[in-house]
Amino acid sequence: MRRRGVVLGSVSILASTVVFVVPFVFVLLTASKSQQEASLLEFSLPTEWALLDNVRTVLESNDGILVRAFWNSTVLTVASVAIMTVLAAMVGYVVQRRRSRWNPVVDAMVLAGLIIPPAVVPTIWVLQGIGLFKTMAGLIAVHVAFGLSFCILLFRAFVATIPRELDEAALIDGAGPMRLFFSVIFPLLRAVIVTVVVVQAVTVFNDFTYALYFLPGADNATVQLTLYNFQSQGLNQWNLLFADVLLITIPPLVMYVIFNRQIVAGMTSGAVKG
Amino acid sequence: MTLVRPAPAGTAATRPARRDSRRAGRRSPYPSWFFLPAGVFYLVLFVVPTGASFWYALTRWDLYSAEFIGLDNFAQFFREPALVKGFVNTFVYAFLTSGAKVVLGLALAVLLTSQIIARGYLRSVVFFPVLVSTIGVGVTFKVLLDPFDGAVNQVLSWVGVTGPGWLTDPSLALFSVALVDVWKGVGLATLIYIAGLVAIPQEYYEAARVDGANAWQNFRNITLPLVRPATVTVVLLSLIGGLRSFDLIWTMTRGGPGFSSDVIGSVIYKQYQAGFYGLSTAGNVVLFVVIAVIIFPLSRWLNRKEVTL
Amino acid sequence: MNRTRPLTAGAAAVAAALALTACGGSGDAGDGEATSLSVYIDSTPASVELWDGLTAAYAEENPDVTIEVETHPGGSEGDNLVKTRLATGEMNDLFWYNSGSLFQALKPDQNLVPLGDEDWVDSLDENFATVVSTDQGLYGAPVGASFAGAVIYNKDIYADLGLEVPTTWDDYMANNQAIKDAGLVAVAQSYGDTWTSQVPVLGDFYNVEAAEPGWADAYTAGDAKFVDQPALAGFEHLQEVFDAGLMNEDFASATYDDAVRMLAEGQAAHYPMLTGNVAAAIGENYPDAADSLGVFPLPSSQGDANGLTVWMPNGIYLPKTTEGAQLEAAKEFIAWLVTPDSCAAQAEASTLGGPFVVDGCDLPDDVPALVSDMQPYFDSGDTGLALEFLSPVKGPALEQITVEVGSGIRSAEDGAALYDEDVVKQAQQLGLDW
């Protein structure tokens, strides 16, 4: 068993390195080159490492828009993911636990939400109508609305793994619906919460179309918009483009590294076994 | 809902408690108002605009004014030259990518929950592409897959193979993008499967070991059935994603060369970009119906199987 | 046409309020002190440079007015952003956008402030005045210079091989063969950037009008089609160039940048392109090639027509949502934009690809050869507007179709027929009765 693990592991490391790591090495190398060298787009070591210079150039371009964009993206991601996770968990939990006439409606809405792309202009009209257009709160609300379906789908599937006996026990202890959910069920959903948070955080952080339409203005730029701008300018500055890719991939990476431990912890604690 | 398992028979102790709550009317332990906060967001920012936009599918709409034209937009959409190709491509793309994500995702998840070395590293590496934005992935692979300067074909040329025009050969472009899509998305499928796998109580495997089951029997009889909620999720998500996907295609080929890698999503997006807002909304309605016709029965079927377990 | 927009009615008041607060944030117009104007432009580097130059020059003369520039991505994403902002009442104080058919798609009568009564209108080139006007009035002032869609060629290669500038299609193809025989790329193409593939068809339009005057009107009326001559020639030429194997081997993946580099470094002899774009690229990346890149019109295969197809510069427009002090300041700014001072600032800030369209504005003496090659055609009047300025009808799929025809995926006749189908949608959208 042990030896098989080593062999299998070694093979996997090799395969995954070729398939998954090499493209990122390419990004890193290109981001470290001078503009001329980068424009050849070769897979080679840079003759001179210019990574820090390139990063600095990217950070300083457009009056340091990237720094501001990082802040905006962070606020946006944290707020919208927190809201949608809690709200979706509530829906997924009740839908799974209780048969009611609402269930088919919720079910259809969840699938519809996954299928139908958002209608941009009517959404702007609604946002204007409730006074949230061009505000961070508005963009957060939009992300929450569009992200709910995915979260509910996941929560509903995994609430099923929590035995009902737990609910019963808590109710006997005199817990109300709120306490039952927030202090008993919600903590037990940790593994799936982490999944939802990671995936949605990445989605929100990496989105640029909603930001482009619902939160215009240079002050409100999000990090993906900076990349979009770099790319749409059709410039030959591949080194800067890839430096930007590198920079804006770091936050999701850090987040993943943190949560990755959580996923492992969730597993070993055997939370889902009840 | 079909996913709901029948409530456990209920002990004598719990039954009165439940009856109490019934009698009290609204005081179910699973109150309907839990739907409310999510419902408000959803209704205001999704249902209302979407409903409004569906009305525009019946109009010629340039954003400033709309003229009611009945079903003309739908007639026009079905005359779209790239449409047939787009439908074929959409199905090929969706089934290819979701099939690959299910199979590879499960295989990787089994591998990454087993006792192998460097498990943490491997998990991170497999999931890493999910973290990178679609634009980032698209730009990188466009460069890597360049027929002449791209790293992939350079490597192939070392071993004497002349690499194809991955994204410029009309018969290959769609498959190249699908491959990149799997590369980017398999980490998410793996993650969902890992969450599903660790929820399977180890006791089952221990019992099976006592019965002398081999690894394949374990997988076939324990893992596969019990990981079904995860499978349902992965299938639904990746199939829906595949059917309506266009952003990666758009970044990498823009539906080209010509119309060869056009999917329904990109056909619709092009109408939108051209300012045919009514027409593109009609296209969205058609796409919604097509996906719904596939997904709703599939979702019901997948969930029903769950109950019969 | 019915104005049916259920949600806007209620939202309009709120929108106006929001617009006011939004403007108030950036410019303290109410205090009677400094005014701030915001201009919405596209984000290509050449545009940004041009506007940086303009705002700096204006700030020198008018220190109490600050011009802020906001950018949007170019291409059709940008079209959508502009339309969305106009439709939702969120447009900046001013915006800089295409003239011609794209301008017409903005519903100017409904959305823009008419400028026909301003003093500077008489100084505009007549061609430009028509492409920013509707039946009801004139709505824009030019910023930037006109440019041509033509063949950019490398003069050094021509000199080395003893070639002469061709005036007919047969001469052109003979030159191409000679260049190919010399081991060079005869025609650079860059289908990695699909939009570049349309230039051979769009730039051929002078020849179409020359062969059949009034073609554009017949086309708008739905009578003239691309599948018939003379318009079919543009598609045929694309196919001929492919069939003769004259292009760079990586034509399918090469980008606009690659093509300009090949041309500037002498690896390729011809590149059908817009002079405005190439001039900007020369200014930014290849200043040494300024004298070795020239231009000639896309040659015609019928008759002795030989003239340039010309594009008009973008216009600056005022949305109806700009009001009060902002409106006054914006009008003043626009009046300045059509003065020789402004032209000088533009020429300083960017490398222009053709003449200005304002009286009294002349190009500086040190223009690249590309631009001076164009002057004779302007002097002799051998120029004509591109189709997009003569007809509002332009199909969205042209660039995909020209890629197909230019890469041998589809024949010229099929491609032209497909494009004729494609433009029907645009005609319907415009309410034309075909």
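Is the shape of chain B best called rounded, prolate or oblate, per the rule: a/c under 1.5 gives rounded, else a/b larger than b/c gives prolate, else oblate, with a ≥ b ≥ c the square roots of the Cα gyration tensor eigenvalues?
oblate
Just to be sure I understand: if I project the alpha-carbon convex hull of chain C onto a plane and average over all orientations, what area do I get in nm²?
If I average the Cα hull's projected area over directions, I get 20.9 nm².
Could you line up C:K225, C:K425 from fewest to most neighbouring Cβ atoms inside 10 Å?
Final ranking by Cβ density, sparse to dense: C:K225, C:K425.
Relative to the compact globular guide of 2.2 N^0.38 Å, what is the alpha carbon radius of gyration of the stretch B:156-211, as a ratio?
Normalised by 2.2 N^0.38 Å, the Cα Rg of the stretch B:156-211 equals 2.02.
With springs only between Cα atoms under 10 Å, which of C:A369, C:A325, C:A349 fluctuates most in a Gaussian network model of chain C?
C:A325
Report, to one decimal in Å, the Kirkwood hydrodynamic radius for the stretch A:49-124 based on all distinct Cα pairs.
16.5
Taking springs between alpha-carbon atoms closer than 10 angstrom, which of A:G138, A:G174, A:G147 fluctuates most in the Gaussian network model of chain A?
A:G174
Enter the mean number of other protein chain beta carbons within 10 Å of the beta carbon of each residue in A:191-204, as an integer.
3
Classify the stretch B:91-191: rounded, prolate or oblate, from the alpha-carbon gyration tensor (a ≥ b ≥ c, eigenvalue square roots; a/c under 1.5 rounded; otherwise prolate if a/b is larger than b/c)?
Cα axes put the stretch B:91-191 in the prolate bin.
Note down the Stokes-Einstein diffusion coefficient of the stretch A:123-178 in µm²/s, whole number, using a Kirkwood radius over alpha carbon pairs, 20 °C, and 1.002 mPa s.
In µm²/s, the coefficient is 149.
Towards the positive end of the charge dipole of the protein assembly as shown, with charges on Cβ (+1 Lys, Arg; -1 Asp, Glu), say which of A:G64, B:W166, A:T74 has the farthest Cα.
A:T74
With N set to the residue count of the stretch C:41-100, report its C-alpha Rg divided by 2.2 N^0.38 Å to two decimal places.
Expressed relative to 2.2 N^0.38 Å, the Cα Rg reads 1.22.
Count, for each residue of B:255-268, the Cβ atoms from other chains sitting within 10 Å of its Cβ, then give me the mean as a whole number.
4
In the stretch B:21-133, with Lys and Arg counted as +1 and Asp and Glu as -1 at Cβ, which of these residues, B:F41, B:P81, B:F91, has the Cα nearest the positive end of the dipole, that is, farthest along it?
Working it through, the farthest residue towards the positive pole turns out to be B:F41.
Once you average over the residues of C:360-367, how many Cβ atoms of partner chains fall within 10 Å of each Cβ?
0
How big is D for the stretch C:190-234, in µm² s⁻¹ as a whole number, if Stokes-Einstein is applied with the Kirkwood radius of its Cα pairs at 25 °C and 0.890 mPa s?
220
Which of rounded, prolate or oblate describes the stretch A:15-78 when judged by the alpha-carbon gyration tensor and an a/c cut-off of 1.5?
Because a/c hits 1.5 or more and a/b fails to exceed b/c, the stretch A:15-78 counts as oblate.
In the calculated pair distance distribution of the stretch A:111-265, what percentage of Cα-Cα distances lie above 26 Å?
That fraction is 46 percent.
Across bins of 5 angstrom width beginning at 0, how are the C-alpha pair distances of the stretch B:117-157 distributed, in whole percent?
Pairs per bin, as whole percents: 6, 21, 16, 15, 17, 16, 6, 1.
At q = 0.14, 0.17, 0.18 Å⁻¹, what log₁₀ I(q)/I(0) does the stretch C:240-386 have when each alpha carbon counts as one equal point scatterer in the Debye sum?
For the stretch C:240-386 at q = 0.14, 0.17, 0.18 Å⁻¹, log10 I(q)/I(0) is -0.82, -1.07, -1.15.
Mean separation of Cα pairs under 8 Å and 6+ residues apart, divided by the residue count of the stretch B:226-289: what relative contact order is that in percent?
For the stretch B:226-289, the relative contact order is 22 percent.
Could you work out the per residue convex hull volume over the alpha carbons of the stretch C:177-254, in cubic angstrom?
Expressed per residue, the convex hull around the Cα atoms of the stretch C:177-254 is 96 Å³.
Where a Cα-Cα gap under 19 Å defines reach, which lysines qualify for B:K142, not counting those fewer than 8 residues away within the same chain?
Within reach: A:K33, B:K184.
Taking only the alpha carbons of the stretch B:249-309, what extent do you get along each of the three principal axes, in Å, biggest first?
49, 26, 15
From Cα coordinates alone, what are the radius of gyration and Dmax values for the stretch A:109-202 in angstrom?
For the stretch A:109-202, the Cα radius of gyration and maximum Cα-Cα distance read 17.3, 51 Å.
Take every Cα-Cα distance within chain A, group them into 5 Å bins from 0 onward, and report for each bin the whole-number percent of pairs it holds.
Final binned percentages: 1, 5, 10, 12, 13, 13, 13, 11, 9, 7, 4, 2, 1, 0, 0.
Per residue and in cubic angstrom, what volume does the convex hull of the Cα atoms of the stretch C:181-304 have?
Value for the stretch C:181-304: 125 Å³ per residue.
Would you mind listing how long the stretch A:22-173 runs along its three principal axes, going by Cα atoms, in whole Å with the largest first?
Per principal axis, max minus min of the Cα coordinates gives 69, 41, 32 Å.
Using the basic label-point model (7 angstrom from Cα toward the beta carbon), what is the B:W158 to A:R179 distance in nanometres?
6.6
Between A:S61 and B:V40, what is the FRET efficiency for a Förster distance of 35 Å, r being their Cβ-Cβ separation, to the nearest 0.05?
0.30
Over the Cα atoms of the stretch C:45-168, Rg to Rh with Kirkwood Rh, two decimal places?
That ratio equals 1.08.
Lys and Arg at +1, Asp and Glu at -1: add these up for the other residues within a Cβ distance under 15 Å of B:L108 and post the number.
Local net charge: +4.
List, in the order given, every pair from B:K270/C:K83; C:K320/C:K425; C:K225/C:K394; C:K180/C:K394 whose Cα-Cα distance in the structure shown is over 23 Å.
C:K320/C:K425; C:K180/C:K394
Along each of its three principal axes, how wide is the spread of alpha-carbon positions in the stretch C:309-434, in whole angstrom units, largest first?
50, 44, 25
How far is it, in nm, from the label point at B:V88 to the one at B:E67 when both lie 7 Å from their Cα along the line to the Cβ?
3.6
At R0 = 56 Å, how high is the FRET efficiency between C:E126 and C:D288 if r is their beta carbon distance? Nearest 0.05 is fine.
0.90
Given the DSSP H assignment, sum -39500 (n - 2.57) over each helix run of at least 4 residues in chain C and divide by its residue total; what's the result at 222 nm in deg cm²/dmol, nearest 500?
The per-residue figure over chain C is -13000 deg cm²/dmol.
Taking every pair of alpha-carbon atoms in the stretch C:102-181, what share in percent sits in each 10 Å bin, from 0 to the bin with the longest distance?
Here the calculated profile for the stretch C:102-181 is 14, 31, 13, 16, 20, 5.
State the volume of the convex hull built on the alpha-carbon positions of the protein assembly as shown, expressed per residue in Å³ and rounded to an integer.
176
Over chain A, calculate the relative contact order: mean separation of alpha carbon pairs under 8 Å at least 6 apart, over the residue count, as a percent.
Over chain A, the number comes to 32 percent.
For the stretch B:245-307 and the stretch A:56-111, compute the distance between their C-alpha centroids and round to whole Å.
Cα centres, the stretch B:245-307 to the stretch A:56-111: 23 Å.
Gap in Å between the Cα centre of the stretch B:61-97 and the Cα centre of the stretch A:136-161?
Answer, in whole Å: 28.
Computed from the coordinates by the stated procedures, all read-outs in this text should not be read as laboratory data. No experiment lies behind these values; they were computed from the predicted model shown. Here the Cβ is made from the backbone with ideal geometry for all residues, glycine too, and neighbour counts use every protein chain on show.
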